[in-house]
């Protein structure tokens with residue numbers, strides 16, 4: 001099983017690398033910012049703010065990084081963090097059909113980094129991290145009011161397989177679950 005490199009230069013100014021403890025402040029700020037950018041337009045602003053205030057604290061982000069079966073990736077463009085992804089092995093909904101699947105828990109890009117091809121680079125790196133965790137299937141939950149994200153995941157071969165509960169600020173939503181076998185994803189493993 002191949003391990004994920006600590007750093008992977010993409011171009012002289014672009015890098016996708018594994019996040020570490022020193023990245024906690026950047027991940028807190030980027031996580032809260034991209035969550036707001038994604039959900040404020042079509043969600044209750046009070047719920048979005050409450051979630052952002054509690055989900056992206058140094059303690060919470062530290063827990064992501066400490067999870068023994070998780071990998072958090074950070075996209076850095078010209079020295080500025082502009083995106084991140086997190087994959088992990090954890091409980092898998094029955095609808096996924098592979099109890100050994102890994103979850104793509106988070107994949108976000110700052111608004112100014114969208115539409116430049118960085119999402120494809122980050123997804124490719126996230127799928128490599130899934131493979132490094134030993135999973136052959138990846139699943140995710142997606143907000144049903146985010147057609148751009150749904151179309152992006154479908155372009156990688158993800159298909160809707162069910163739903164699961166996502167809680168935001170005390171309100172539970174039933175988010176669609178999408179899953180894809182790595183050998184069917186629009187992804188080629190590194191040689």
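The values are calculated or read from the model by the stated rules, or taken from the named source; none is laboratory data. What you see is a predicted model; the values in this text were computed from it and never measured. Every residue, glycine among them, receives a Cβ derived from its backbone with ideal geometry; neighbour counts consider all protein chains shown.
A few points about this structure:
- Candidates are the residues of the stretch 43-61 that are closer than 15 Å to residue 105 by Cα and in contact with a helix residue (DSSP H, G or I) (Cβ under 6 Å, 6 or more places away or on another chain); the one that is surrounded by the fewest Cβ atoms within 10 Å (Cβ to Cβ) is 56.
- Residue check, residue 113 closer than 15 Å to residue 88 by Cα and crowded, with 17+ Cβ neighbours inside 10 Å: no
- Residues within the stretch 150-187 that are closer than 18 Å to residue 131 by Cβ, in contact with a helix residue (DSSP H, G or I) (Cβ under 8 Å, 6 or more places away or on another chain), modelled with pLDDT under 85 and surrounded by fewer than 18 Cβ atoms within 10 Å (Cβ to Cβ), tallied: 1
- With respect to (1) buried (at least 16 other Cβ atoms within 10 Å of the Cβ); (2) under 15 Å from the mean Cα position of the chain (by Cα), the lone exception for residue 69 is condition (1).
- Of all residues in the stretch 144-170 being assigned to a strand (DSSP E or B) and out of contact with any strand residue (DSSP E or B) (no Cβ under 7 Å at 6 or more places or on another chain), the one that is farthest from residue 40 (Cα to Cα): 167
- Filter pass, residue 32 being surrounded by 14 or more Cβ atoms within 10 Å (Cβ to Cβ) and in contact with a strand residue (DSSP E or B) (Cβ under 9 Å, 6 or more places away or on another chain): no
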